[in-house]
Structure formats: structure tokens, C-alpha cells
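Following: one structure in C-alpha cells, then a few remarks.
The values are calculated or read from the model by the stated rules, or taken from the named source; none is laboratory data. None of the values given here were measured: they were computed from a predicted structure. We place every Cβ from the backbone using ideal geometry, glycine too, and count neighbours over all the protein chains shown. What goes into the accessible areas is simple: the full protein's heavy atoms, side chains included, and nothing from ligands, DNA or RNA. Shrake-Rupley method; radii C 1.70, N 1.55, O 1.52, S 1.80 Å.
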Amino acid sequence: MPTNSSAQAPADIDIRALYEALVEPRVIEEKMLTLIRQGRIAKWFSGYGQEAIAVGTTWALEERDYILPMHRNLGVWTTRGVDRERLFCQLMGKEGGFTNGRDRTFHFGLPENNLVGMISHMAAMLPVACGLGQAIRHRNEDRVACAFCGDGGSREGDFHEALNLASVWDLPVVFLVENNGYGLSTPTDEAVAPDDIADAAAGYGMPGRVVDGNDLFAVMDAVRDARTHARTEGPILLEMKTFRVRGHEEASGTTYVPDELIEQWAQKDPVGRFTATVRDEGLLHGDKMDAIRGELEAEVDDRVEWALDQPAVTSTPEAERAAVFAPPPEPNRPSPNAETEETRFIDAIQDGLWAAMEKTQSMILMGQDIAEYGGAFKVTDGFVDEFGEKRVRNTPIIEDGAIGAGMGLAIEDLPAVVEMQYADFVSCGFNQTVNNLATTHYRWGQPLNVTIRMPFGGGIGAGPFHSQSREAWFAHTPGLKVVIPATPRDAKGLLRTALADPNPVLFFEHKKLYRSVRGAVPTESYRLPFGEARVAREGTDATVVTYGVGVHWALAEAEHQSEENGAELEVVDLRTLVPWDRETVRESLQTTNRLLVLHEATRTAGFGAEVAAELGETAFELLDAPITRVAAEDLPVPNAKPLEEEIFSAEARLRPHVEELLAF
């Protein structure tokens, strides 16, 4: 017989409703397993035997609290009252599901239910919970965020970055580790050194507690206490001990699990334990429980069969493309006769950021050393004195954690600006950027106003880890906008657009331009549109398409060619790579009939290859010569300036390529 609960039923609990909440996900599990055996569905991630954690947690939390569940937490969604017809369409991959066929099972969020679903990368949602907790603290609300993680995911960097950030910032976050004994097939004790994952809490200055995850009342008690602690004192870690009696996903089976272990945990089955407890204590009669289960089985059977009969998801290319980004803000161009001031590149960025902070009181800046120190390049110097520590926040060295927290803030309508100390370090924040931020609007329609400021580029003798140009990584990722200004005017106007855009934007700021380039910048408020290139210099003999520092190289070369050879180069500054302005380049080619693409980044798979391929395909008839690409050598950026300037740099090989193109 199953072991009864060791915790007591709360006096004010609606036992019938609680029993129904616990049994419903079990009934759905049983239906799904039947469908798997019948070959009517192909995949199911089972939470069979773990229902008490999802149901008990959700029951113990307030409706206003955020929950960030995982794929074995069906009971979170059912207990939160999610629309069942849409839920079953989602689970069946049919028309009417929450993601319109763009993702499966629980990879989505429902803001109206305060639910934020997972991505497949373990522990990735824990930093997002920190952002949600930060928003709660910022507004002084009576809420918490509860983020689920598996035992395997507790080894991921995001787990440790999130726990540290929550502790340092005293955030109202409950971290819940669902320890079910296995990763896919690797036992927890082969992947996790300590016996209790909850022991990790002490290293981050927060309490940790081990809970019997198969005891519904114990789960409820622990989560209620954890909520109180998180709300008043800061984060807490709960480790729920349970067991996965089905496969990682149903097709993988459980042959790697000893039979006696499954039998042992079957005696601790949470549904059986709860049933025995309420029956033995006279809280709910057996015939009533039988009736409840019968009603649920009939209801689930009807709804699942109905969902299976729904049409397959269909769409159009136009609709799918439109779903990648939220609608952008309207541009606010400067007036033709606007007054201007001669401004350095860095000051234009600082002015644009300052103005946005003044206008949008909910905007929050985060990054390493950005507060009192003012950032590695002093862009945020003075900001903390003006806007306060709640809005200008030093982070630990946690790129992924900071970007994930930015996502959480954005979900709560607090625009987030995350500064990478150097753009090179965004590789440590790659998962949150390309897998979480980039996909969210497409999957479930959530706008994310997150701007990642990226000081980048070479020319200052900083070597391979502080000089890289990695914009092509992100241009290749649908769902991210990539902006690279070359002038102070564009830097300010494009940054103001980025900060107002309800989509993730990577804003690349060239370090060498910070204090070496000056230009006229309108004093009035303005925003420049993305996807609109600028003709920086008109010409008739060849078009040079470039961006960032390449614009200055191209303009210098154009002056040289004009003075020495009488050749007139037209220089097109793309300004944004996603979106990029194909039409302006094509219009230039109609005049010049020759194209050279220039960028500071390395040649192979650089963004210049995209421009060259696109124009070779769509404007071939306009070309009088092969398209020329000028880029850096395929080398890490060398430290010694002679190596960088004479061997690595694209600038060193620009002139011979221009002359070869003009002579063709």
C-alpha cells in the first residue's frame, strides 16, 4: 500500500478540489500513454509520479505569483485554470494551440496566468525569474516568482548565476529543483556530487530545504513557507525529491532503471498516497473519489479526442515572417532645419541613453561596473547619481544571467538595457540571446524590449578577446535586430529607436570611434528608422557597401581615389544589418554597376557574404564586374598592432581591391 502523507491537511483546504487538481494531470498522463501505444501521437514527456510537485506548488502560491515550469509540470497549467481546449490542441500540435504550431508542449508563456514556459536549454528560465523578481521588488508588489529546474539542470551555469544574482539583489524568487533521480539516462548521483542539491543554497547565502516531493501536503507546506520567506527576506532553494518512473520522453523507455527502484518509488506514488490519506482521515469518501476520477476520465477523453480531430496547423510565409518581431516603433526623424551640436561618438550614445532614461521612468540599466564606475568606457558615468541604484544596477560577472534577467524585466514591461563590458564576452550570454530572447515573440507573441549594448571592434591593440566583430553570429539568428552606427548622429538616433523597440536589439558600438569621431548631432529628440541605409558619399564608378568603422575607411579611400585617379566611389552605410536595406544598395548599383562589400569582421561567413550573395542573385544584370569582398583575415585578432594593422585588418587590403575592381 502507498505510504500516507506525513504532513497534515490544512484546516481550510477544499479537499475535493485539491483531489481533483491532483488527479486531473494523472488522468491526462494515462490518456497520453494510451495514445503513444496506439501510435496516435509520437512524443510525450511524462510527469507521471511527480504530479504532487506541480499541483502542490501551484496550489500553495497566489494567482498573482509567477511560475516558470518545465515539461513535466502539466499540473501547473491545469491547476492555474488554463483553457483546456486550447491546451489539448497545443499538446496535440493542432490548430488552436497557444503557439500556433511554432513550438510544442510547454514552450510558451501565458502572461494572463502569470506562467512563463521553458525552452529546451536546462536552467535557462532561472535568470528570467530573477528579472521578474527584480520587477516585483522595483514596484514593491506582494508577489514572488517560482522557477522550476531539474536535478541535471542544477549543474548548468544559469542555475548558479541566477542563485547568485537573486541573493545579491535580495529578490523574491523561489528556486525549485525537481530531483527525479535521472537526467536522460544518467543517475543523479553520477552527475551531482552532493547528496542534497539544496546544500548549494548555503554557498549563495540563502536557505535550502529538502522536501518529500511525492507528499502533496509537504509540498504545499514548503512552498507556502518559501513564498513568505522570498517575499520578506529574499530567495530560497527547495529541492523536491521525487522519481521519474517513465522515460525521459516516452519513446526512450526505462531499461536503464533497475526494476526494484521503480517498484520502490511506486509505493510512494503521490496520487496513491494522497488518496489513502484523505480516505483514512475521513476527509473524502472512496465513492466520491471514484466519481471524480470517472468524470475526469470522461472529460479528458472527450477533449483529447476532440483536439485530435482538429485540423493541422497551417499558415503562410507572410504570417510566419510577421510573427518573428513585434511591430516596431514609429520613427521620429529630426526636422530638416534642426539645430545641431558637434558631438563625439561616445557622447552621442550617452546623450541618447540619458534622454531615454528621462523619458521612460521604467527603464533599467544593468551591467558590470556601470554604476559608480560608469562602465568600462564611461558611457554611463553619472547615471547612478541621476537615476538611482534601482535603475542603474551593477551585476556580477554573469552575462547569461544578466541577459536572462533583462528578459524577465521586459516581460513585466520594464525596458531593459544590458551592457556587455566588451562585445566579445557576449559568448557567455549566447544561450539567453539566441535561444531565449530571439525566439520568444515568434513562439508566443511576447514583446521583449531588451537592448544589449556591445562595445566591439579592433584597432586599439587589444588582442583576440577584446577586439572581435561578431555581428554575423546574431544577424544569422531570426528574432534579433542588429544595429551598427558609424556616426554620432546615427548612434544617438538609432539608439533611441533601439530603446523604444519592443524586440531584442544588439547595439554594436565601435570602441575606436568612441573618442576619435565627431559630428553634428541634432539637439532635439529624434529616432532614426531601422532598415534604412545612408548614402554617405555619392559616386558614379563603384559602390562600397559597409557599416561601422568600415564607413570611415571607405570615405577615406573614396577621397584618395577621387584626388589621385578621378574615380568616384559611392559609399553606402547600412547602419543596421537586421533589417538591412537591399533597395538602397540596388539603386546605387543602377548608377555605378560595380560593388565592393567591406567590413572589419573576418571574411568567411561574414555579413559581407550575405550582401554579395543577395545582390549577385537579385541585381546580376546591373553588374559590370564580379562583386568584391574586403574583410579581415580569417585569424583571431592579433595583439601586436603591426600584425593587426598590416596582416589582419581589412583596411590594409582595401585599396588594391578597389583599384582592381575599377580596372575590371
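Looking at the range 50-69, I want the residues that are basic (Lys, Arg) and have a partner that is surrounded by fewer than 24 Cβ atoms within 10 Å (Cβ to Cβ) with Cβ atoms under 9 Å, at least 6 apart or on another chain. Which pairs are those?
Partner pairs satisfying both residue conditions: 64/114; 64/141; 64/142; 64/143.
Please verify whether residue 49 is open to solvent by less than 60 Å² (accessible area, probe 1.4 Å), more than 24 Å from residue 226 (Cα to Cα) and not in a helix (DSSP H, G or I), treating the condition exactly as stated.
For residue 49, the condition - open to solvent by less than 60 Å² (accessible area, probe 1.4 Å), more than 24 Å from residue 226 (Cα to Cα) and not in a helix (DSSP H, G or I) - is not met.
Take the conditions surrounded by fewer than 21 Cβ atoms within 10 Å (Cβ to Cβ), of a type outside the set (D, E, K, R) and touching a residue at least 60 places away in the same chain (Cβ under 8 Å) and apply them to residue 168. Does it pass?
Working: surrounded by fewer than 21 Cβ atoms within 10 Å (Cβ to Cβ): yes; of a type outside the set (D, E, K, R): yes; touching a residue at least 60 places away in the same chain (Cβ under 8 Å): yes.
When the stated conditions are applied, residue 168 passes them.
Within the range 487-498, is there a residue that is among the polar types (S, T, N, Q), over 30 Å from residue 645 (Cβ atoms) and either open to solvent by less than 30 Å² (accessible area, probe 1.4 Å) or not in a loop (DSSP other than H, G, I, E, B) (or both)?
Pass one, the range 487-498, residues among the polar types (S, T, N, Q): 487, 497.
Subset that is over 30 Å from residue 645 (Cβ atoms): 497.
Retained after the next criterion (residues that are either open to solvent by less than 30 Å² (accessible area, probe 1.4 Å) or not in a loop (DSSP other than H, G, I, E, B) (or both)): 497.
Checked the range 487-498: at least one residue is among the polar types (S, T, N, Q), over 30 Å from residue 645 (Cβ atoms) and either open to solvent by less than 30 Å² (accessible area, probe 1.4 Å) or not in a loop (DSSP other than H, G, I, E, B) (or both).
If I ask for residues that are more than 11 Å from residue 542 (Cα to Cα), within 41 Å of the chain's Cα centre (by Cα) and among the acidic types (Asp, Glu), which ones from the range 560-574 would you list?
573
Scan the range 115-141 for residues that are at pLDDT below 95 and surrounded by fewer than 24 Cβ atoms within 10 Å (Cβ to Cβ) and jot them down.
Passing the criteria: 119, 120, 121, 122.
Give me the residue from the range 646-658 that is open to solvent by 70 Å² or more (accessible area, probe 1.4 Å) and touching a residue at least 40 places away in the same chain (Cβ under 8 Å) and, out of that set, farthest from the chain's Cα centre (by Cα).
655
Only residues in the range 553-569 that are farther than 18 Å from residue 652 by Cβ and open to solvent by 50 Å² or more (accessible area, probe 1.4 Å) count as the first member; pair them with residues that are assigned to a helix (DSSP H, G or I) and of a type outside the set (Phe, Trp, Tyr), Cβ under 7 angstrom, at least 6 apart or cross-chain, and list the lot.
Hits for this filter: 568/562.
When the range 355-392 is examined, which residues are found to be in contact with a helix residue (DSSP H, G or I) (Cβ under 8 Å, 6 or more places away or on another chain), surrounded by 17 or more Cβ atoms within 10 Å (Cβ to Cβ) and not in a loop (DSSP other than H, G, I, E, B)?
Answer for the range 355-392, where residues must be in contact with a helix residue (DSSP H, G or I) (Cβ under 8 Å, 6 or more places away or on another chain), surrounded by 17 or more Cβ atoms within 10 Å (Cβ to Cβ) and not in a loop (DSSP other than H, G, I, E, B): 356, 357, 364, 365, 366, 367, 383, 387, 392.
Within the range 609-624, track down each residue that is of a type outside the set (Val, Ile, Thr) and either exposed (fewer than 14 other Cβ atoms within 10 Å of the Cβ) or touching a residue at least 40 places away in the same chain (Cβ under 8 Å) (or both).
Of everything in the range 609-624, those that are of a type outside the set (Val, Ile, Thr) and either exposed (fewer than 14 other Cβ atoms within 10 Å of the Cβ) or touching a residue at least 40 places away in the same chain (Cβ under 8 Å) (or both) turn out to be 610, 613, 616, 617, 620, 621, 624.
For the range 546-601, give me each residue that is of a type in the set (Ser, Thr, Tyr) and more than 20 Å from residue 483 (Cβ to Cβ).
Residues of the range 546-601 that are of a type in the set (Ser, Thr, Tyr), as a first pass: 546-547, 562, 576, 584, 588, 591-592.
If the condition is that a residue be of a type in the set (Ser, Thr, Tyr) and more than 20 Å from residue 483 (Cβ to Cβ), then 562, 588, 591, 592 are the ones that fit.
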